[in-house]
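Some notes on the structure that comes next.
The values are calculated or read from the model by the stated rules, or taken from the named source; none is laboratory data. Bear in mind the structure is a predicted one, so any value in this text is a computation, not a measurement. Using ideal geometry, Cβ is built from the backbone for each residue, glycine included, and neighbour counts are taken over all protein chains shown. What goes into the accessible areas is simple: the full protein's heavy atoms, side chains included, and nothing from ligands, DNA or RNA. Shrake-Rupley method; radii C 1.70, N 1.55, O 1.52, S 1.80 Å.
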Amino acid sequence: GTVNTLYEDAARDGGVPRYSVFELAPGVPSRASLVGRFDETMDADAGQFSMYLMAPLPDEVQAGDSIPITLGIRAEGTPQIVPSVFVHLYGTPTPYEGGEMWGQDDHQLCTSYPSHLWRADEIIIQVFDLVVSPEAPLGTYTLAAGIYPFPDGDRLTVTSPRENNHNYVTPHTFTVRSASR
């Protein structure tokens, strides 16, 4: 967010003020990058959830590595679902084209803070542990991420960017090295 100083008492002898009053205007951290918008109502214009990549990811990983993926999810209103997020590692071809999934992690978001209590100015941040299969061959892989309601699993529609018909976004690509022997 942005911190604004509303008031400070006069500093004595050019030193630090005794007290200050600040205002915090919530916002998206500058290091976060928007990776997609999702709609829980299947109305292509709504885009009710935004997904952010909150921390940079490596460009190269090794087969068998565990990669922490930090995502932020922002609801544009009060969610009508209990959202879960998946992160998958797809090779070429993707599983939808006959290929394999080389890693995955799925979680219901922030189970200790129910989604019907979320405010529109909040970003729910969660870390996913994506383990690259030790059998993953050398090559380029795509991180795929999406949102689905718990427990039914039907993915929310991606409204932006519309990269595929399988309702996931691709926030990053990795080059996988073979596992060291």
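Laid out as a table, the results:
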item: Test: residue in the stretch 124-134 that is farther than 18 Å from Pro68 by Cα and surrounded by fewer than 20 Cβ atoms within 10 Å (Cβ to Cβ); result: no
item: Residue check for Glu100: surrounded by fewer than 19 Cβ atoms within 10 Å (Cβ to Cβ) and under 20 Å from Gly36 (Cβ atoms); result: no
item: Any hit, the stretch 144-164, residues being in a strand (DSSP E or B), open to solvent by less than 60 Å² (accessible area, probe 1.4 Å) and over 16 Å from Phe38 (Cβ atoms); result: no
item: Some residue of the stretch 130-140 being within 21 Å of Ala32 (Cβ to Cβ), in a strand (DSSP E or B) and at pLDDT below 95; result: no
item: Test result for Thr92, among the hydroxyl-bearing types (Ser, Thr, Tyr) and out of contact with any strand residue (DSSP E or B) (no Cβ under 6 Å at 6 or more places or on another chain); result: yes
item: Residues satisfying the stated conditions in the stretch 57-78, i.e. open to solvent by less than 30 Å² (accessible area, probe 1.4 Å) and in contact with a helix residue (DSSP H, G or I) (Cβ under 8 Å, 6 or more places away or on another chain); result: Ala75
